1. Is it the case that segment 532-543 has a residue that's farther than 28 Å from Phe607 by Cα and open to solvent by 50 Å² or more (accessible area, probe 1.4 Å)?
2. Restricted to segment 559-575, and to residues that are at pLDDT 80 or above and in contact with a Leu (Cβ under 9 Å, 6 or more places away or on another chain), which residue is surrounded by the fewest Cβ atoms within 10 Å (Cβ to Cβ)?
3. Just one of the numbered conditions (1) within 26 Å of Ala330 (Cβ to Cβ); (2) open to solvent by 10 Å² or more (accessible area, probe 1.4 Å); (3) part of a helix (DSSP H, G or I) is not true of Ser363; which one?
4. Of the numbered conditions (1) under 28 Å from Glu97 (Cβ atoms); (2) polar (S, T, N, Q); (3) surrounded by fewer than 20 Cβ atoms within 10 Å (Cβ to Cβ), Thr41 fails exactly one; give the number of that condition.
5. Just need a number here: residues in segment 301-318 that are open to solvent by 10 Å² or more (accessible area, probe 1.4 Å), part of a helix (DSSP H, G or I) and touching a residue at least 24 places away in the same chain (Cβ under 8 Å).
6. If Gly447 satisfies all but one of (1) touching a residue at least 12 places away in the same chain (Cβ under 8 Å); (2) open to solvent by less than 70 Å² (accessible area, probe 1.4 Å); (3) part of a loop (DSSP other than H, G, I, E, B), what's the number of the condition it fails?
7. If only one of Gly481, Gly474 is on the phi > 0 side of the Ramachandran plot and not charged (D, E, K, R), which one is it?
8. What pairs come out if I take residues in segment 235-262 that are open to solvent by less than 20 Å² (accessible area, probe 1.4 Å) and at pLDDT 90 or above and pair them with residues that are charged (D, E, K, R) and in a strand (DSSP E or B) whose C-beta lies under 7 Å away, six or more apart or interchain?
Amino acid sequence: MSTVESALSEGRSSILSQNYEHAAEVYRAALRECPSDPRLTNDYGVLLCHLQQEIDAARMFLGCDYSSELAELGQMLVDYFHCRSLMAAKLKLADAEGQEWQRRIVATSKLKPSKVGINLSACLIVKNEAANLGRCLASLSEIADEIVVVDTGSSDETVSIAESFGAKIGRFEWCDDFSAARNASLALATGDWALWIDADEELPAGSAKMLREGLMRPHFGGYFVRIRNLMSDDGGADEYVHTPLRLFRLLPGVEFSSRIHEQVIPSLDRLGLFTATIEGAELLHYGYAPEQMLAKGKLDRTVSMLEREVEESPNDAFHLFNLANAYRVAGRFQDAVVTVTRCVANLPLRASYGTVAYHLLASSYSDLGQFEETLKACAAAEIQGYNGVLNEFERAFALMQLNRLDEALAAMDRCYAEPWSVNQTGDYGIITHKRAAIRGQILAQLGRADEALAAFEESLKGNPDYVLALYSKGAVLTQEGRYGEALPFLEASWEDPHHGLIARFMSGFSLLKLGRPTESANRFRECWFLGDQREEVFAFWVEACQQSGDSNQIRMAYEALSRVNRIDAPMLINWGRALAEAGDLTLAAECLQDAVRRSPHDANAAFNLGDVLYQSGRYADAALMYQNGLRHDSESASGWFVLGNSLFQMNLHDAARSAYQQVLKIEPDHNGAIQNLRSLEEDLLQQAA
């Protein structure tokens, strides 16, 4: 086989496998040996056009003697420069360079432009989109020559809004088939190109300029456009990014397929048309925000339609992937695992969604708490050539959960080292803020607090409202004893369903350490009534109440505890003691009397009630209660001592002396009894004198 034949074969094979760089090297090497071969020039020039290097292709074309073997490249260049001149005229810009290239190529080839152009039809299907449609259509004013809106049964102002923007209106009776509806919109379009856009999407300022670059290149059948799916109702930083084919030529045979998650690219592939990605252009999609998903019932509808697709095509990996993803969004994690496992078993070679499919498998196992299975899924992804940012992130998370912290940190380092490619699909929040938060948690568990805090700060720069980073930073600051600094981060986490309760608890603890017991008690009370009814919460709640002297809250705390635990004597004793320390002796006495009634043989209950009665000045009642306690614990030195004090207050000096002497029999070095006996003897001597 000759050099030319070999290069043509290898180059075309490389192009089919999308290895364009290798194809270019093959053609360049062959052209060094055969610089005037028209077939090599044609193939390499066509490749350069598809690499958007049309000027280089034009130089090559004009550097060869023209023949029919260069017709493909010549027509491609004529069409490109024709569309480029149309765009310049439309924008009222001068393009002398483009006109000169066009003149020279036409003069050499005698070719005329094909039926190509730059007019763009924006095509939408809608139903009850009055809340979104105006924003969408207004964003198209710079780029769309025609707007086609096919309504599938709106009952609101959707159609009148579309008409106010001059849209061409079509009607379609909904049949649970998105492709059929979208094909109806294409049938009404008269442009050279179509932009597939939905009412809950928006073309941001600046993207129109990049789309025009695509409209000038009819040698492409279509373009992938990055879509930023905004995942929070408040327009926060959580984004899921994917890059579907949204801009494409309106040609016979170009149509949508699949009932849901419809695609136009299979028809472009059948026609042998090249596709590329328009870098710098994007669409914003608001429809995945929770409020919109709930309002439209999107999730249930999506699951139902995808289940039908899978039933009809049980081994179609793309349908299985989409269904698994819908299951996960719906919280059906086990169903997601089963379905995405079938998906990866049927993945076609180099599937564009392979990376995100394996990430879905790994993250669904993590949702189920099956972290060893997560690691197996990550290993399988790597073996199949789908390693990258998403896989290393999920691996790091699972290793952290398994307390394999050094391995987790190494995986996170790899996650940072991996690039986010232009066509990458997945949770872009991993790049902006999520991986930094997980890195911080790993470092915190390794005891590297300063590095952890720096990682949390990095996360919050990417998303100032990211609760995991807010809570985690507050937790580390609390552990470091930096209570005042911790409070604002903890307070910002209170409403989060995953971290809210523990954040409130830590807030209460920090406030207690800062000497703010009233606020602290309020936090612990909130924790309790929101469902965190651990003994630790109750203990700190009561401690804060005692420090603030709030007997009403102490009573509330014990009453709350009594509703989840059976009231017994020890609980009543603690309750009464807390009330006494808070200064509410009346309520304290009531609690302790109840304790004595419930456990009449409990010396501790009697002694504590005696203490409260003594503090209340009820010395006779106190003495009786101490005597009651001593009947059940006669070896209690403290019991005999406080009995002696009560008797002394009642001027029963002889009885008091006997009580103190009993103390010293049990505990000979009891200083209080020694001093009181000495004072008592001195008083008696003075009275005798």
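The values are calculated or read from the model by the stated rules, or taken from the named source; none is laboratory data. Remember, predicted model here, so these are calculated numbers, not experimental data. Counting neighbours? That spans all protein chains shown, and the Cβs are built from the backbone with ideal geometry, glycine included. These accessible areas exclude ligands, DNA and RNA; they are computed on the full protein's heavy atoms, side chains included. Shrake-Rupley method; radii C 1.70, N 1.55, O 1.52, S 1.80 Å.
1. There is at least one residue in segment 532-543 that is farther than 28 Å from Phe607 by Cα and open to solvent by 50 Å² or more (accessible area, probe 1.4 Å).
2. If we take residues in segment 559-575 being at pLDDT 80 or above and in contact with a Leu (Cβ under 9 Å, 6 or more places away or on another chain), then Met571 is surrounded by the fewest Cβ atoms within 10 Å (Cβ to Cβ).
3. Of (1) within 26 Å of Ala330 (Cβ to Cβ); (2) open to solvent by 10 Å² or more (accessible area, probe 1.4 Å); (3) part of a helix (DSSP H, G or I), only one is false for Ser363: (2).
4. Result: Thr41 passes all but (3).
5. 6
6. Here Gly447 meets the rest and fails (1).
7. Selected residue: Gly481, the only one of Gly481, Gly474 that is on the phi > 0 side of the Ramachandran plot and not charged (D, E, K, R).
8. If the second residue must be charged (D, E, K, R) and in a strand (DSSP E or B), the pairs left are Val241/Arg226; Val241/Arg228; Thr243/Arg226.
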